[in-house]
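K.L.:
Sending over a structure as structure tokens; questions will come in a sec.
The values are calculated or read from the model by the stated rules, or taken from the named source; none is laboratory data. Just so you know, these numbers come straight off a predicted model, no measurement behind them. A quick note on method: Cβ atoms are made from the backbone with ideal geometry, for glycine too, and the neighbour counts reach across all protein chains shown. Ligands, DNA and RNA are stripped out before the accessible areas are found, and what is left, the full protein with its side chains, is counted by its heavy atoms. Shrake-Rupley method; radii C 1.70, N 1.55, O 1.52, S 1.80 Å.
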Amino acid sequence: MSERRLFGTDGVRGEAGTFLTAELALSLGRAATESLEGERPQVLIVRDTRESGPMLESALAAGIAEAGGDAFCAGVLPTPAAAVLVRKLGLDLAAVVSASHNPYRDNGIKFFGAGGSKLDDATEARIESHLPPRPERGRGADRAAAQSPAAEAGVGRVRELSGGEEDYLRALQAAFPPDLSGVRVALDCANGATHRVGPAIFERLGAQVEAIAVEPDGRNINDGCGSTHLDNLAAHVASSGATVGFAFDGDGDRVLAVDGEGRAHDGDELIALLARGQAARGELAGGVAVTVMSNYGFHQAMADAGIEVATTRVGDRYVLDELREREWALGGEQSGHIVDMRFAATGDGIAAALMTMRELGARDLASVEAMERLPQKLVNVEVADREAIAAAASLWEAVEREGAELEGRGRVLLRPSGTEPLVRVMAEAPTAEEADAVCKRLADLVRQELA
């Protein structure tokens, strides 16, 4: 096993069968179980619809059982269902087999603790410390000294968990019970984990549902559908009787919306709508947490509404950390990760869609202006060393100049990619032309200094 850190910002992810092998999944299941205290840890497993999912689920369950834990396989469910069910059922850990919005060839494994939160860096590092130094074909005698209390108690069991889908649906209905009678809603389920529960909860609340991308075949997850490909949903809504459409990603932790005119609404707009509504009713706990990618117009709208905003690094885990630290509830990302900590400590696309429906009431999303979006331009510049940006003094001087010119009207942002040899250059301004011009000047300077 390589010495490099396996866990990224959202678990372990890579191409199934090459990087994320059954062997690695088994090792992760075993290591995660060994890292838990006590005998007979109880571990939930859910997955999305990728063709590699059953293989990795089986291997993960085998590793859990080999380490002395009991694995409960709940089958295809959205990622946030794992966060809800691990807490509701009193289990010790939940594992999700999914690569979210990635193509079907990829897959991933991420974990949630007993309280329903994603594991922190220290816990992930502890799991990695239990991994063998190299892939193994079986448990050799050299592992005997490293056995956990659970493993010493004997091999665990692998069981099917029935009723998980119904438990999740009931939790949604109890937390977000708007009466949707007579409302026609379109759902794009990305041929992924929401393909059953998404339509089911809307129908249970009385909506007339037009569902697309609900026929997963193992390879069509996120393929031209879902929250990363809104064209199909926009065309469907514009030509149908639906007043609103929601597009989920493959594992159901993101959502974007489309109004009755086929116009897209991203996470910033949905969070702004939710924050304004909750604040008006006195339900908003403190303020909202978003990332540095949130549009300047979002910040203007929140300032106008008297709502405090905390800004974090890109990644929903950083939003969650900020919400916990401030004891706030609502936050998310422009990409559609929207979190209400009162329901689950992770993004939940279905929950966010139901919250949106509550705020809309009898209104059409097209008629609601929760914020005025500033034109945004984003350019990814390939560089030799993305970390060199920290010492590029002339570049930061240019950023300061451009930022001063846009003060009170827009903003600029430069940041290195967390995974690729890229520097992301973003500009927001009152007009698209100005945003394009600012972004071009800075991108050219990045190429000159760092390419």
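K.L.:
If you only keep lysine pairs separated by 8 or more in sequence, or across chains, how many in the chain come under 23 Å at the Cα atoms?
P.N.:
Lysine pairs, 8 or more places apart or on different chains, close enough: 4.
K.L.:
Classify region 166-265: rounded, prolate or oblate, from the alpha-carbon gyration tensor (a ≥ b ≥ c, eigenvalue square roots; a/c under 1.5 rounded; otherwise prolate if a/b is larger than b/c)?
P.N.:
Oblate, because a/c is 1.5 or more while a/b does not exceed b/c.
K.L.:
Could you work out what % of the accessible surface of the chain is carbon and sulfur, using a 1.4 angstrom probe and leaving DNA, RNA and ligands out of the count?
P.N.:
Result for the chain: 47 percent of the exposed heavy-atom area is carbon or sulfur.
K.L.:
Per 0.36 nm of contour for each residue apart, how much would the distance between Ala235 and Leu378 grow if the chain were fully extended, relative to their Cα-Cα spacing?
P.N.:
Between Ala235 and Leu378, full extension yields an extra 48.9 nm.
K.L.:
Sticking with this one: By how many nm would the segment from Asp321 to Glu51 lengthen if fully extended, with 0.36 nm per residue of separation less the alpha-carbon distance?
P.N.:
93.9 nm is the gain from fully extending Asp321 to Glu51.
K.L.:
Shape verdict for region 17-103, please, from the Cα gyration tensor: rounded (a/c under 1.5), prolate (a/b greater than b/c) or oblate.
P.N.:
oblate
K.L.:
Work through the residues other than Leu77 whose Cβ is under 15 Å from its Cβ and net out their charges, Lys, Arg +1 and Asp, Glu -1.
P.N.:
Every neighbour counted, the sum reads -3.
K.L.:
Putting +1 on Lys and Arg Cβ atoms and -1 on Asp and Glu Cβ atoms, find which of Val214, Gly154, Gly11 reaches farthest to the positive end of the dipole of the chain.
P.N.:
Result: Gly154.
K.L.:
Express in Å², to the nearest 10, the accessible area of Glu325 obtained by rolling a 1.4 Å probe over the protein heavy atoms while all chains stay in place.
P.N.:
150
K.L.:
Excluding ligands and nucleic acids, what accessible area in Å² is computed for Trp328 using a 1.4 Å probe, to the nearest 10?
P.N.:
In the full protein context, Trp328 sits at about 30 Å².
K.L.:
While we're here: What's the percent breakdown of Cα-Cα distances in the chain across 10 Å bins, shortest bin first?
P.N.:
4, 20, 29, 26, 15, 5, 1
K.L.:
For region 216-368, what proportion of DSSP beta bridges, expressed in % and rounded to the nearest 5, is antiparallel?
P.N.:
Once the DSSP bridges in region 216-368 are tallied, antiparallel ones form about 60 percent.
K.L.:
Stretched out fully, how many nm does the piece from Glu23 to Glu387 gain, at 0.36 nm a residue minus the Cα gap?
P.N.:
The span from Glu23 to Glu387 would gain 127.7 nm if fully extended.
K.L.:
From the protein chains alone at 1.4 Å, what is the descending order of accessible area for Val76, Val314, largest first?
P.N.:
Ranking Val76, Val314 by accessible area, largest first, yields Val314, Val76.
K.L.:
Rounded to the nearest 0.05, what FRET efficiency do Ser367 and Ala432 have when you use their Cβ-Cβ distance and R0 = 22 Å?
P.N.:
0.35
K.L.:
Please work out how much accessible surface Tyr104 shows to a 1.4 Å probe, ignoring ligands, DNA and RNA, in Å² rounded to 10.
P.N.:
About 40 Å², ignoring ligands and nucleic acids.
K.L.:
I'd like the Karplus ³J(HN,Hα) series for region 392-405: coefficients 6.51, -1.76, 1.60, θ = phi - 60°, whole numbers in Hz, and an x wherever there's a Gly or Pro.
P.N.:
7, 4, 5, 5, 5, 5, 5, 4, 5, 5, 5, x, 5, 5
K.L.:
Give me, ordered by chain and number, the residues 5 or more places off Ala211 or on other chains with an amide H under 5 Å from its own placed amide H.
P.N.:
Leu187
K.L.:
Quick one: accessible area per residue over the chain, 1.4 Å probe, rounded to a whole number of Å²?
P.N.:
In whole numbers, the chain has 41 Å² accessible per residue.
K.L.:
Based on Cβ point charges of +1 for Lys and Arg and -1 for Asp and Glu, what charge dipole magnitude is obtained for the chain about its Cα centre, in debye rounded to the nearest 20?
P.N.:
Once rounded to the nearest 20, the dipole reads 740 debye.
K.L.:
Across region 271-286, in residue order, what do the Karplus-derived ³J(HN,Hα) couplings come to in whole Hz, using 6.51 cos²θ - 1.76 cosθ + 1.60 with θ = phi - 60° and x for Gly and Pro?
P.N.:
Ordered by residue, 3J(HN,Hα) equals 4, 4, 4, 5, 5, 4, x, 5, 5, 5, 8, x, 9, 6, 7, x Hz.
K.L.:
Still on this structure, please answer the following. Note down the net charge around Ser227, summing +1 for each Lys or Arg and -1 for each Asp or Glu among other residues with Cβ under 11 Å from its Cβ.
P.N.:
-4
K.L.:
Take Asp348, Asp231 and sort them by solvent-accessible surface of the protein heavy atoms, 1.4 Å probe, largest at the top.
P.N.:
Highest to lowest solvent-accessible surface, that is Asp231, Asp348.
K.L.:
First measure r as the distance between the Cβ atoms of Arg415 and Ser181, then evaluate 1/(1 + (r/R0)^6) with R0 = 30 Å and state the FRET efficiency to the nearest 0.05.
P.N.:
Plugging the Cβ-Cβ distance into 1/(1 + (r/R0)^6) gives 0.05.
K.L.:
For region 351-451, build the charge dipole from Cβ charges (+1 Lys, Arg; -1 Asp, Glu) around the Cα centre, then report which of Ser394, Leu374, Ala429 sits farthest towards its positive end.
P.N.:
The one lying farthest along the dipole's positive direction is Leu374.
K.L.:
With each run of n ≥ 4 DSSP H residues scored as -39500 (n - 2.57), what mean residue ellipticity at 222 nm is computed for the chain after dividing by its residue count and rounding to the nearest 500 deg cm²/dmol?
P.N.:
-10500 deg cm²/dmol
K.L.:
While we're on this one: Quick check: from the Cα gyration tensor, does region 277-339 come out rounded (a/c under 1.5), prolate or oblate?
P.N.:
Taking the square roots of the gyration eigenvalues as a ≥ b ≥ c, region 277-339 is oblate.
K.L.:
Report for the chain the percent antiparallel among DSSP-assigned beta bridges with both residues inside it, nearest 5.
P.N.:
Of the beta bridges lying entirely in the chain, close to 50 percent run antiparallel.
K.L.:
Okay, moving on. 5 Å is the cut-off here: which amide hydrogens, built 1.01 Å from N in the peptide plane, fall below it relative to Ala392, excluding neighbours closer than 5 in sequence?
P.N.:
none
K.L.:
How much net charge surrounds Ala384 when only other residues with a Cβ under 14 Å from its Cβ are counted (Lys, Arg +1; Asp, Glu -1)?
P.N.:
-3
K.L.:
Which of Leu414, Leu323, Thr79 sits closest to the plus end of the dipole of the chain, meaning its Cα is farthest towards the positive end, when Lys and Arg get +1 and Asp and Glu get -1 on the C-beta?
P.N.:
Value computed over the given set: Thr79.
K.L.:
Here's something else I'd like to know. In terms of modelled amide H atoms, which long-range or inter-chain residues lie less than 5 Å from the amide H of Arg415?
P.N.:
Answer set, sorted by chain and number: Arg424.
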